[in-house]
1. Note down the net charge around ILE83, summing +1 for each Lys or Arg and -1 for each Asp or Glu among other residues with Cβ under 12 Å from its Cβ.
2. Suppose every K and R has +1 on its Cβ and every D and E has -1 on its Cβ; what is the size of the dipole of region 186-276 about the Cα centre, in Debye to the nearest 20?
3. So with the 1.4 Å probe, I'd like the accessible area per residue for the chain, rounded to whole Å².
4. Roughly what would the spin-label model give for GLU220 and SER19, points 7 Å off Cα along C-beta, in nm?
5. Can you find, among LEU89, GLY123, PHE146, the residue farthest towards the positive end of the dipole of region 53-169? Put +1 on the C-beta of Lys and Arg, -1 on that of Asp and Glu.
6. Determine which lysines satisfy two conditions relative to LYS221: a Cα distance under 28 Å, and not lying fewer than 8 residues away in the same chain.
7. With an 8 Å cut-off on Cα pairs and a minimum separation of 6 or more residues, tell me the relative contact order of region 28-161 in percent.
8. At a Förster distance of 45 Å, what's the computed FRET efficiency of HIS34 paired with ALA254, Cβ-Cβ distance as r, to 0.05?
Amino acid sequence: MIQVELIKDLKENIKIAKSSNKSIGFVPTMGYLHEGHMALVNQARIENDFVVMSIFVNPAQFGPNEDLDRYPRDLERDTKMAIEAGVDLLFYPQAHEMYPKDGGISIQAGQLANVLCGASRPGHFDGVLKVVTKLFHLINPTRVYFGQKDAQQLAIIETLVRDYNFPLEIRRVETVREVDGLAKSSRNVFLSEAERKQAPAINRGLHLGVDYFMKTFEAEKAKQLTIQHIEQFTSGKIDYVELLSYPDLSIELADASTIILAVAVFFEKARLIDNIIININEV
Ligand code: AMP
């Protein structure tokens with residue numbers, strides 16, 4: 001596996017791959033890898049000749065009181081996992097390499113960022129778009145892999161790619177879970193032992209809500225069932241539970257063929273998110 005920290009080395013290696021007409025699959029991450037990330041790499045391996053992974057804890061997407069400084073990092077372990085998964089090139093830049101000078105130009109996520117995590121984390125998705133735009137230009141991938149666990153991020157990036165004609169394909173990958181249903185996340189290490197035992201109630205609550213919605217099409221009651229379950233079985237504080245159309249994230253469900261029930265919960269040291277996306281017509 002090629003390992004590069006500098007943009008000039010990244011570009012050099014991308015040029016070599018492109019010159020032999022290799023398709024490039026790209027997996028952007030913030031590291032502290034787990035099986036969720038590995039699922040993205042596995043799909044990228046199958047569909048492309050050359051797989052690039054980035055590991056960058058992007059300061060631009062963290063708010064002032066968020067967990068940028070204590071976000072878990074372990075580059076040595078990540079490197080081993082990336083090699084085992086068959087990544088061809090690992091790019092792990094420092095912040096000053098990615099953002100050497102701020103020209104004051106920003107990319108705004110717009111109305112899709114007014115709900116869910118965007119409403120609780122002002123500027124978060126602008127920061128996500130800043131980094132992915134740079135990475136897309138540097139890597140020039142054929143396909144880019146994102147997890148449905150971060151469903152709003154996926155919807156916003158798909159919109160960026162569509163509206164601004166990025167010459168690449170976004171591929172969605174299903175959420176990978178622990179056996180008890182908890183969505184795998186780098187932030188799960190921040191859960192206390194008691195919280196870890198409670199946390200699967202998030203996914204169970206989502207299932208209760210979705211099942212009820214599919215039978216009745218009553219969104220408010222469906223959300224209440226999810227809220228009640230999470231409040232009853234965890235010590236976490238709910239940030240939001242929302243039922244929206246997907247990927248346009250509207251509360252107007254009348255014409256929706258696909259819906260998302262999404263939740264964010266604050267525990268003592270971690271804010272966890274999860275969702276279920278379901279095609280109404282296929283059930
Ligand atoms: P992160 O390192 O948390 O920024 O995530 C990098 C990529 O991995 C994003 O596209 C996430 O949606 C995806 N991802 C994170 N957790 C999971 C999971 N449990 N299952 C599938 N994809 C995931």
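1. Details: positive: ARG77, LYS80; negative: GLU76, ASP78, GLU84, ASP88.
Here the count lands on -2.
2. Working: 10 positive and 13 negative charges, 85 e Å.
I would put it at about 400 debye.
3. Details: 14040 Å² over 283 residues.
Here the residues of the chain average 50 Å² of exposed surface.
4. Taking the simple label geometry, GLU220 and SER19 are separated by 6.5 nm.
5. GLY123
6. LYS149, LYS184, LYS197, LYS237
7. 31
8. Working: r = 38 Å, r/R0 = 0.85.
With R0 = 45 Å, the Cβ-Cβ based efficiency is 0.75.
The values are calculated or read from the model by the stated rules, or taken from the named source; none is laboratory data. Here the structure is a predicted model, which is why all the values come from computation and not from measurement. Neighbour counts are summed over all protein chains in view; Cβ atoms, including those assigned to glycine, are modelled from backbone coordinates with ideal geometry. Side chains included, ligands, DNA and RNA excluded: accessible areas come from the protein's heavy atoms. Shrake-Rupley method; radii C 1.70, N 1.55, O 1.52, S 1.80 Å.
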